[in-house]
Amino acid sequence: MDMESVLVTGANRGIGLEFVKQLINLSKPPRLLFATYRDRSNIQALETIRDSSQQTQILLIKMDVTKTKEIEDARKIVEDMVGDKGLDLLINNAGVLKFETFPEITEDNMLLHFSTNTVGPVMVLKELFPLLKKSAAHKTTEASVSRTIVLNISSIGGSIGGMSVENPDGWLHAFGYRTSKAALNMAMRVVALTVKDSGILVVNLCPGWVKTDMGTDEAELEVTESVSAIMKTLSQLNESHHGTFIDRNGNTIVF
């Protein structure tokens with residue numbers, strides 16, 4: 001991949017932290033990597049990576065994706081650093097999962113998931129869209145490695161078509177999470193169709209069930225395995241993937 005600048009939300013742990021690790025270890029790593037976090041007390045791992053990074057300048061930015069002011073402040077920092085070159089890759093990774101099922105589900109639980117998992121990524125993309133357009137304007141080839149990309153970390157749990165009476169799976173108790181991811185998939189599908197002539201690829205991706213704080217130790221995949229697969233898929237994205245919902249290996253998932 002040929003990405004000079006990357007922003008990863010929710011970069012202080014789990015999948016987001018692993019993205020930071022693997023991005024700076026590419027044969028040609030980004031020159032600038034913006035790693036956002038919500039809680040300043042939980043960034044020790046990020047600080048260690050930042051301090052040891054030799055080829056990539058890592059900037060840690062406090063940004064809660066539910067806070068408009070923090071998103072705006074983050075955009076200003078990124079804009080000052082990237083200038084007219086713009087932002088090459090946005091990884092909308094920050095998310096939340098708190099189990100509640102129906103009929104116990106509460107309004108607070110629903111709003112928590114929608115504000116973080118659906119509204120947050122849309123607002124982050126909206127704020128950074130001018131910088132992504134600047135990047136796209138500099139891309140002159142159709143090669144996938146030179147595309148400007150928005151990668152939204154979603155979940156197969158948000159696939160309506162993949163859920164049936166015969167195959168409801170065991171995550172019915174993740175009511176708020178699943179509905180918010182289904183809404184994210186639709187939101188980004190609408191965005192993709194709206195900006196289809198901008199030169200920016202918008203893709204939703206399920207990383208699989210990963211061993212993180214959110215995924216729990218019962219998950220099937222190690223975080224390194226999941227992100228390694230995503231990085232390979234990321235390098236192969238092209239126009240045919242615009243507006244799609246795929247898994248970590250690039251296979252299409254039904255919306």
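For residues that are buried (at least 19 other Cβ atoms within 10 Å of the Cβ), of a type in the set (S, T, N, Q) and at pLDDT 95 or above, scanning just segment 199-232, find the one that is farthest from Leu125 (Cα to Cα). The residue in question is Ser226. Number of residues in segment 152-198 that are buried (at least 17 other Cβ atoms within 10 Å of the Cβ), at pLDDT 90 or above and among the aliphatic types (A, V, I, L, M): the value is 11. Within segment 3-35, track down each residue that is part of a loop (DSSP other than H, G, I, E, B) and open to solvent by 10 Å² or more (accessible area, probe 1.4 Å). Once the filter is applied, which keeps residues that are part of a loop (DSSP other than H, G, I, E, B) and open to solvent by 10 Å² or more (accessible area, probe 1.4 Å), segment 3-35 yields Met3, Glu4, Gly10, Asn12, Arg13, Asn25, Leu26, Ser27, Lys28, Pro29, Arg31. Can you confirm whether Gly250 is more than 20 Å from Gly10 (Cβ to Cβ), free of Cβ contacts under 8 Å to residues at least 40 places away in the same chain and either of a type in the set (A, V, I, L, M) or buried (at least 17 other Cβ atoms within 10 Å of the Cβ) (or both)? Against the criterion (more than 20 Å from Gly10 (Cβ to Cβ), free of Cβ contacts under 8 Å to residues at least 40 places away in the same chain and either of a type in the set (A, V, I, L, M) or buried (at least 17 other Cβ atoms within 10 Å of the Cβ) (or both)), Gly250 qualifies.
If the condition is being in contact (Cβ under 8 Å) with a residue 12 or more places away in the chain and out of contact with any strand residue (DSSP E or B) (no Cβ under 7 Å at 6 or more places or on another chain), then segment 48-72 contributes Ser53, Gln55, Asp64, Val65, Thr66, Thr68, Ile71, Glu72. For segment 81-92, the criterion of being surrounded by 15 or more Cβ atoms within 10 Å (Cβ to Cβ), in contact with a Gly (Cβ under 7 Å, 6 or more places away or on another chain) and modelled with pLDDT of 95 or more is met by no residue.
Any residue at all in segment 53-66 that is open to solvent by 40 Å² or more (accessible area, probe 1.4 Å) and small (Gly, Ala, Ser)? So far as segment 53-66 goes, no, none of its residues is open to solvent by 40 Å² or more (accessible area, probe 1.4 Å) and small (Gly, Ala, Ser). Restricting attention to segment 200-214, the residues that are in a loop (DSSP other than H, G, I, E, B), out of contact with any Ser or Thr (no Cβ under 6 Å at 6 or more places or on another chain) and of a type outside the set (Asp, Glu) add up to 4. Of all residues in segment 70-95, which are among the polar types (S, T, N, Q) and assigned to a loop (DSSP other than H, G, I, E, B)? The answer is Asn93, and nothing else.
Just need a number here: residues in segment 84-116 that are β-branched (Val, Ile, Thr) and out of contact with any helix residue (DSSP H, G or I) (no Cβ under 8 Å at 6 or more places or on another chain). Total meeting the criteria: 1. Candidates are the residues of segment 36-69 that are hydroxyl-bearing (Ser, Thr, Tyr) and part of a helix (DSSP H, G or I); the one that is farthest from Lys126 (Cα to Cα) is Ser52.
The values are calculated or read from the model by the stated rules, or taken from the named source; none is laboratory data. This is a predicted model, so every value here is computed, not measured. Neighbour counts run over all protein chains shown; Cβ positions are idealised from the backbone, glycine included. These area figures cover heavy atoms from the full protein model, side chains too; ligands, DNA and RNA do not enter into them. Shrake-Rupley method; radii C 1.70, N 1.55, O 1.52, S 1.80 Å.
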